[in-house]
């Protein structure tokens with residue numbers, strides 16, 4: 001068998017789309033067609049060709065994340081797939097390594113995604129950086145002032161919804177820092193599957209919104225933004241009047257005041273580092289005072305060029321490190337999902353200088369971490 005791993009070319013689009021459709025059978029034809037007309041970009045797509053057929057592929061879509069209040073470029077990973085007849089041959093590992101290098105070559109530091117099975121990516125150095133709370137609400141005839149619309153019918157309200165999203169998203173680390181264009185495109189993603197939206201207004205302003213799908217067994221609220229727990233509760237009550245159990249995807253610090261509502265927290269997003277130097281530079285364009293001498297040794301078994309000793313501003317130096325840590329474990333700390341102390345407790349960091357370690361630990365406290373976007 002002859003195999004070739006490479007960036008997708010112009011002729012690969014239909015083959016990669018066919019692979020997506022056959023692997024992700026729950027995705028609607030409308031969504032897949034929409035995605036490949038509006039999200040697909042071969043410069044961010046990687047594939048493995050086996051005897052002239054696309055056997056394995058993955059693709060990314062670029063956008064900005066907000067991490068610790070800083071804007072960091074990223075490419076969300078989607079469509080990680082291999083035909084069943086080719087599984088177990090190591091094809092995915094080859095595509096994965098090539099994709100990370102391809103994203104690095106594009107100048108993008110991070111690769112976030114939401115795996116179907118999160119632990120399968122630990123061997124690739126991609127570890128959790130966000131969690132999600134799924135709140136379940138029983139169907140009931142609540143009184144609510146919120147209104148429900150087909151999402152595609154209220155494009156005139158996207159600006160109002162965007163304002164709500166922007167303000168709501170500011171406290172979170174790891175979330176997409178959307179522009180108005182990003183927001184409009186995301187709403188079009190949802191609309192491809194005939195989604196609906198519950199909106200709570202105060203005057204002409206959006207206080208809370210929830211984009212949802214009515215599934216056979218329950219209603220799934222995929223995206224929610226709000227200005228208070230009261231607004232969130234009122235908006236979700238309206239969804240619960242539709243006669244089915246409601247399951248809402250929310251950040252772990254959210255509060256829903258509905259009697260009988262239950263919640264369960266799960267891992268959500270992971271992230272891989274395509275370019276550690278660029279990631280550090282985005283977070284620390286200037287080294288904080290008293291941290292000029294701090295050196296971190298990064299170890300990466302996937303992206304070879306990430307290996308090295310770094311200053312906080314991303315410069316690679318030939319100096320003795322104060323700590324040694326895997327790229328993905330450092331990403332967890334930089335995003336605010338874990339502290340260096342926690343990584344030490346889990347034997348994920350080697351400390352060469354305890355005083356510098358403690359100062360770095362103080363510099364990088366935990367953050368509230370959450371992301372909505374996934375494919």
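The values are calculated or read from the model by the stated rules, or taken from the named source; none is laboratory data. These numbers were taken from a predicted model, which means no experiment stands behind them. Counting neighbours? That spans all protein chains shown, and the Cβs are built from the backbone with ideal geometry, glycine included.
Data for the structure
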read-out	value
Segment 327-359: number of residues that are closer than 24 Å to residue 70 by Cα and either in the same structural domain as residue 64 (by TED's automatic domain parsing) or in a loop (DSSP other than H, G, I, E, B) (or both)	4
Candidate set: segment 319-348, residues that are closer than 19 Å to residue 253 by Cβ and touching a residue at least 12 places away in the same chain (Cβ under 8 Å); chosen: the one surrounded by the most Cβ atoms within 10 Å (Cβ to Cβ)	335
Candidate set from segment 349-369 (those that are under 23 Å from the mean Cα position of the chain (by Cα) and surrounded by fewer than 22 Cβ atoms within 10 Å (Cβ to Cβ)); member that is farthest from residue 252 (Cα to Cα)	364
Hits in segment 303-312 (condition: surrounded by 20 or more Cβ atoms within 10 Å (Cβ to Cβ) and in contact (Cβ under 8 Å) with a residue 60 or more places away in the chain)	303
Residues of segment 183-232 satisfying the condition of being touching a strand residue (DSSP E or B) at 6+ places or on another chain (Cβ under 7 Å) and more than 27 Å from residue 33 (Cα to Cα)	199, 200, 201, 206, 207, 208, 225, 226, 227, 231, 232
Near pairs, Cβ below 6 angstrom, 6+ apart or cross-chain, from segment 99-117 (more than 13 Å from residue 74 (Cβ to Cβ)) to any residue that is outside any helix (DSSP H, G or I) and at pLDDT 95 or above	99/46; 99/58; 102/7; 102/46
Wholly enclosed helices (runs of 4 or more DSSP H) of segment 1-113 bearing at least 3 residues under 18 Å from residue 303 (Cβ atoms)	91-105
Condition check for residue 372: at pLDDT below 95, buried (at least 20 other Cβ atoms within 10 Å of the Cβ), outside the structural domain of residue 24 (by TED's automatic domain parsing) and touching a helix residue (DSSP H, G or I) at 6+ places or on another chain (Cβ under 9 Å)	yes
Test: residue in segment 213-233 that is on the phi < 0 side of the Ramachandran plot, free of Cβ contacts under 8 Å to residues at least 24 places away in the same chain, surrounded by fewer than 16 Cβ atoms within 10 Å (Cβ to Cβ) and part of a helix (DSSP H, G or I)	no
Count - residues of segment 77-113 that are crowded, with 21+ Cβ neighbours inside 10 Å and over 22 Å from the mean Cα position of the chain (by Cα)	0
Conditions (1) under 22 Å from the mean Cα position of the chain (by Cα); (2) part of a strand (DSSP E or B); (3) farther than 28 Å from residue 152 by Cβ: number failed by residue 277	(2)
Output for segment 351-373, where each listed residue is without any contact (Cβ under 8 Å) to a residue 60 or more places away in the chain and over 22 Å from residue 286 (Cα atoms)	351, 352, 353, 354
